[in-house]
Every structure is written in C-alpha cells, then in structure tokens.
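Accompanying notes for the structure given below.
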Amino acid sequence: MKKLSLLLLVSVPAFAHHGVASLGAVGFEGPGAPLETSSSATLPEGKWLIYTKLDIAKWKKYSFSDFPDQKDRSDFWMFGVGYGLKPWLSLYLFVPYNTKKELKEEGRHTFTSSDFGDISLMAVFGFKYDRGFKLVPKKESLEDMTDWHFTLYGGFSLPTGDANKRGYQGEFAPDMAGGFGKPTLNAGFTATKQLVNLPQLTFLFDTNYLRFFEHKYNTGDRYKFGDEFRVNTALAYRLYTSMERSLRFDLLMEANFLYLQKDKENGVKLDDTGGRVLYGTLGSRLYYRNASLGLGLKVPLWKDLNREEQQQGAEGKEKYRLILTFSTLF
C-alpha cells in the first residue's frame, strides 16, 4: 500500500547555550515520531521540508544573596530546510536564533542577548532490516513499515554566529554569545520499530555525540564548551487517525539522557560545569495534510551535576522547557 503522506518532524533539542539538530520523518500510516528523540525515517526523494521549532527554557531562581545574577529565560528558535536527495539520503540546513534573558544586580536590572547562532549542515543515511540489511526503498507497504528502520547521521556547524558578544557590563560571557567561534561536529544513530501486534505504538532509540573545539576570543581568553553525549528513547502512540480528513493525532512520551563534559577556560576545566541529566518529555503531535504541529513539556527528572549548587541556569536546573514545532512538506 502506498503511503498517504509524509511529514518531516525534526527534533532539535536546545540547551542552555546551544542547540543540536536531530532528524526523522513519519507518515499518516507510518511509525510515530516524538519531539526530542530522532526517528529513523528519511525524506521522500525530491521533496522539500520547511521546519520551525521553539524551545522555551524557564530557569529555577534562588536567593539573590547566593546568586546576585541569575538566568531567567531562554528562547531557542530553530529554522530548517531539508531535501530528499535519495529515498535513503536526506540533507538539512539549520539556522538557530536565540534570546537569553538574565536578572542582574539582585534583580534590579535585566540583560537580554538575542542573536543568530551558527548554521549547521546535516546528512541522514537510512537503512532497514528485512531478511538482511538494505537501503530504504522509494516506496514501502504498511507491512514494510513494521520492519526495523535505522539511520546514521552526521554533520557540522559553521562559525557564523557572533562568538564575541559581551555580557551586561561588557564582560567576557561566552554562554551569552550567539556562536562558538569554531565549527562543531555531530554524529548519531537511530533505531525505530513500529510494533506488529500493536501498529499504533512505535518504539524509538537515538544516540548522538557533539564535539566542540577551543576558540580564542577577542578578549584574549580561550574557551571550550564541554562535549555532549545523548541517549534518547521514546514511545509514540497513534491515538486518532482519519484518512478522509487527512488528520492524525499522536501521544508522545520520552526519556532524554544528557552527559555534559566540563567546559574549559584558558585550558583549565571549570568545576562548576557539566554533569548528567535525565529529562522526561510528555507531548503530542497533530498532523493535517502536509503539515505537522507538535507540543511538549520537558522537565528534569534526575541530575548529577558537578558542584550543582553553583550551576543556576545550567542544564538540569530548569523549571521546565516548553517545546513547540511546526513542519510542512512540499
């Protein structure tokens, strides 16, 4: 049976000072795709995708006697375009735009930094297992969709954002800058399985690694953000489908693990950075014709941060993250 429609659902997790692109696709009759965990589907050959995501992070506040300056809120926008070069090969371009708000001098003043970040380029190679490994074909039946599907993906960013943006009083503040000053490298693997006996339910697995490099800023300081390693799992349940209305509604549940290495400043590891965080994400996704709208709430369930008491405004110290996505295929 021919797929009725195919919609790309790109999950772009955006953390305290940067975002990372991960990818996936889904059809009305196909496996589900969550918000933060990558699916293993690729774009149809010759099709384009337009994608937008907003990740709003609201940070926990503490006593101003302990933290005279505190992160308040960060809005991470991601704009993307994708193209299906082959049924098994998709290419993507992402452009981030971030707004970060701080409370300064015991809350008497606010400081907001807004800027475009570093653009990133990604490629996704898709394959499946059906009595042996093979490339994703141009068309798949409903039965074929229940096979194990996999992707290998990778990419890099270019230092197009302003890495030398200063803080509230002109101080060196790399976490408030738009870019990293050097390219980054990203590589990952996904696995997706739509259950045979319960085709409304899809299991997804995704792991990826992000590598940063040291940059010398115009202040003379050298800074390297800690590398990141992620493991994500998810369940997507197709609650409602109407072929006549070209409508579908999914419920989503995810567990997102993040390991952050320590940042380095002038060659010295910063002890109050890095650690481990386990997030939980609950959400939903609505499909209508060639468009998709996703909404989710992400909260830290467990954390083991280095010098946690000093990490206000860091990953794992959020009140919540509100995630909204929109994508359309043409």
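No value in this document is a laboratory result; all are computed from the given coordinates. What you are looking at is a predicted structure, and each value in this text was computed from that prediction instead of being measured. Cβ coordinates were reconstructed from backbone atoms using ideal geometry, including for glycine residues, and neighbour counts include every protein chain displayed.
For a footprinting-style exposure proxy, rank Arg166, Arg230 by other Cβ within 10 Å, fewest first. Intermediate values should be presented prior to the final figure.
Values: Arg166 16, Arg230 22.
Final ranking by Cβ density, sparse to dense: Arg166, Arg230.
So how far, in whole Å, is the C-alpha centre of the range 104-158 from the one of the range 37-71?
Using only Cα atoms, the two centres lie 14 Å from each other.
Report the label-to-label distance for Phe133 and Asn266 in nanometres (one decimal), using points 7 Å from each Cα along the Cα→Cβ vector.
Distance between label points: 4.8 nm.
Go ahead and run the numbers for FRET between Lys165 and Leu286, Cβ-Cβ distance against an R0 of 41 Å, rounding to 0.05.
On the way: r = 37 Å, r/R0 = 0.90.
After rounding to 0.05, the efficiency reads 0.65.
Put a dot 7 Å past each Cα toward the Cβ at Ala255 and Lys101; how far apart are the dots in nm?
Distance between label points: 3.4 nm.
Provide the per-residue ³J(HN,Hα) series for the range 191-199, in order, calculated from phi with Karplus coefficients 6.51, -1.76, 1.60 and θ = phi - 60°, each as a whole number of Hz, with x at glycine and proline positions.
9, 9, 9, 8, 5, 6, 7, 9, x
7 Å from Cα along Cα→Cβ at both Leu121 and Leu93: what's the point-to-point distance in nm?
My value for the distance between the label points is 1.0 nm.
Normalised by the residues of the chain, what does the relative contact order come to in percent, with Cα pairs under 8 Å and at least six apart?
18
If we count other beta carbons within 10 Å of each Cβ, what is the order of Thr325, Thr160, fewest first?
Values: Thr325 22, Thr160 15.
In order of increasing Cβ crowding within 10 Å: Thr160, Thr325.
Once you have the Cα-Cα distance between Tyr83 and Arg245, take 0.36 nm times their residue separation minus that, and quote the gain in nm to one decimal.
55.7 nm
Please give the FRET efficiency for His109 paired with Val196, using the beta carbon to beta carbon distance and R0 = 56 Å, rounded to the nearest 0.05.
0.40
So if I take the centroid of the Cα atoms in the range 223-264 and the same for the range 201-221, what is the distance between those two points in Å?
The two parts, judged by their Cα centres, are 17 Å apart.
Order of Val95, Val136 from fewest to most other C-beta atoms within 10 Å?
Details: Val95 16, Val136 23.
Ordered by Cβ neighbours within 10 Å, fewest first: Val95, Val136.
Distance between Cα centroids, the range 161-190 to the range 271-308: provide it in whole Å.
21
Relative to the present Cα-Cα distance, how much length would full extension add between Phe326 and Glu143 at 0.36 nm per residue of separation?
Net length gain for the segment: 63.0 nm.
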